[in-house]
Amino acid sequence: MEEGDAKNPNTEQMEVKEPKHDGTTMRKALLVINCIILSIGNCGSPLIMRLYFIHGGNRIWFLSWLETAGCPITLLPIACAYMHRSRTADPTSGKKRFYMERPLFLAAIVLGIITGLDNYFYSYGLSRLPVSTSSLIIASQLAFTAGFAFLLVKQKFTAYSINAVFLLTIGAGVLALHSSSDRPENESNKEYILGFVMTLAAAALYGFVLPLVELTYKKAKQEISYALVMEIQLVMCLVATGFCTVGMLVNNDFKVIGKEAREFELGETKYYVVVIFTAIINQCFFLGAIGVVFCASSMLSGVVIAVLLPVTEILAIFSFNEKFQAEKGVSLALSLWGFVSYFYGEIKQSKKKKPDPEIEMASSLPPNTLKSSV
């Protein structure tokens with residue numbers, strides 16, 4: 001009887017541990033979904049924004065505004081989470097209907113202002129540079145993300161992640177070898193350089209935003225759920241849109257949108273199609289990026305953005321007849337190598353973290369059980 005009594009607690013403890021795998025599987029599935037959403041936004045955003053400028057659009061603040069104006073899309077998943085919480089929550093528990101508390105709300109406002117400024121830098125760069133050139137500059141964001149992640153969230157680097165950063169950075173550098181040949185016609189040297197500087201500033205600023213979002217998650221004095229992440233994203237985008245609205249008002253953009261639509265080279269209807277899809281595709285980018293940070297880290301978000309650079313280059317070739325030099329092929333190979341290196345290192349790290357089942361079972365046994373078996 002004593003031996004049987006000693007074994008029962010062990011059995012109960014083993015049964016409690018099984019559900020952990022379900023949460024891990026769900027998080028991995030969510031990570032894959034967010035990577036796909038981020039890929040759509042990252043590759044489609046520069047293409048459709050460049051399309052706007054090529055065919056007669058020239059309102060930089062308006063395009064900056066469009067980058068986050070699609071944020072009402074996130075109201076749908078937030079509403080679903082709200083209805084689920086309302087049905088499942090105990091009315092007497094006193095739980096709030098919304099997840100975000102004041103400190104996170106204030107942090108989201110600050111992040112939104114930075115994002116609005118970053119939107120302007122990025123839009124200005126795309127107005128002056130071809131997609132291939134602006135994309136290779138944006139790839140330098142990975143280096144900024146890695147540096148800020150190390151400073152802000154104490155990101156730990158392995159040999160594989162360092163190798164990935166090195167390869168992806170070299171890939172962007174290889175592309176830079178042909179950037180001078182991509183300079184648009186009838187554009188002054190001053191405009192080209194200013195576009196280059198603004199795009200680099202956009203890369204540095206968003207390389208700062210991603211680790212800052214991760215730091216916000218870690219410092220929050222409340223549980224971070226995916227529903228809360230979407231609320232943070234909504235507030236960030238609303239504030240960024242408000243920031244760009246001020247710029248539009250100062251620049252009188254609202255007064256000339258109708259005229260610009262009528263003079264658009266592809267036609268007025270297609271102008272508004274471009275405008276709507278610019279807002280939707282950019283929202284995919286922001287929602288995917290912040291989702292990857294939630295599911296994994298700001299470092300992985302930066303890696304996914306950087307590895308998609310050659311894909312954007314290839315799409316730009318087919319969309320705008322840009323040349324595909326040998327440098328772009330080399331960059332594609334280096335980027336894919338860096339991507340594989342990063343994920344191989346992550347897989348090895350996850351295997352190291354998994355405890356041996358026998359050791360875990362032995363550690364869960366009460367001391368009395370070990371003595372009685374002797």
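The values are calculated or read from the model by the stated rules, or taken from the named source; none is laboratory data. Not measured: the values here are computed from a predicted model. Cβ: placed from backbone, ideal geometry, glycine included. Neighbour counts: every protein chain shown. Surface accessibility is based on the protein's heavy atoms, side chains included, excluding ligands, DNA and RNA. Shrake-Rupley method; radii C 1.70, N 1.55, O 1.52, S 1.80 Å.
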Quiz item: Could you list, in sequence order, the residues of the stretch 140-173 that are within 30 Å of Phe53 (Cβ to Cβ), hydrophobic (A, V, I, L, M, F, W, C) and modelled with pLDDT of 75 or more?
Solution: Leu142, Ala143, Phe144, Phe148, Ile170
Quiz item: Does the stretch 220-236 include one or more residues that are β-branched (Val, Ile, Thr), closer than 26 Å to Ile137 by Cα and modelled with pLDDT of 90 or more?
Solution: no
Quiz item: Is it the case that Thr269 is more than 26 Å from Lys156 (Cβ to Cβ) and either open to solvent by less than 20 Å² (accessible area, probe 1.4 Å) or touching a strand residue (DSSP E or B) at 6+ places or on another chain (Cβ under 9 Å) (or both)?
Solution: no
Exercise. Please work out which residue is farthest from Asn58 (Cα to Cα), limiting yourself to the stretch 178-195 and to residues that are modelled with pLDDT under 85 and touching a helix residue (DSSP H, G or I) at 6+ places or on another chain (Cβ under 7 Å).
Key: His178
Quiz item: Just for helices (runs of 4 or more DSSP H) wholly inside the stretch 229-333: which have at least 1 residues that are among the hydrophobic types (A, V, I, L, M, F, W, C) and farther than 30 Å from Ala79 by Cβ?
Solution: 253-263, 298-307, 309-320
Exercise. Return yes when Ser132 is more than 22 Å from Ser335 (Cβ to Cβ) and either modelled with pLDDT under 80 or in contact with a strand residue (DSSP E or B) (Cβ under 8 Å, 6 or more places away or on another chain) (or both) and no when it is not.
Key: no
Quiz item: Restricting attention to the stretch 326-340, which residues are small (Gly, Ala, Ser) and open to solvent by 10 Å² or more (accessible area, probe 1.4 Å)?
Solution: Ala326, Gly329, Ala333
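Among the residues of the stretch 45-78, write down those that are part of a helix (DSSP H, G or I), among the small types (Gly, Ala, Ser) and open to solvent by 20 Å² or more (accessible area, probe 1.4 Å). Spell out how you get there, then give the answer.
So the first thing to find is which residues in the stretch 45-78 are part of a helix (DSSP H, G or I), and the list is 45-54, 60-69, 71-78.
Subsequent filtering for residues that are among the small types (Gly, Ala, Ser) retains 45, 64, 69.
Within the stretch 45-78, Ala69 is the sole residue that qualifies.
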Self-check item: Failed item in (1) open to solvent by less than 30 Å² (accessible area, probe 1.4 Å); (2) farther than 21 Å from Val311 by Cα; (3) at pLDDT 85 or above, with Leu205 passing the rest
Solution: (1)
Quiz item: Just for the stretch 121-141: of the residues that are assigned to a loop (DSSP other than H, G, I, E, B) and of a type in the set (Gly, Ala, Ser), which one is surrounded by the fewest Cβ atoms within 10 Å (Cβ to Cβ)?
Solution: Ser140
Quiz item: Checking Glu214 against (1) within 22 Å of the chain's Cα centre (by Cα); (2) surrounded by fewer than 18 Cβ atoms within 10 Å (Cβ to Cβ); (3) among the acidic types (Asp, Glu), which test does it fail?
Solution: (2)
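Check the stretch 244-262 and report whether any residue there is touching a Ser or Thr at 6+ places or on another chain (Cβ under 6 Å) and closer than 23 Å to Gly70 by Cα.
Yes.
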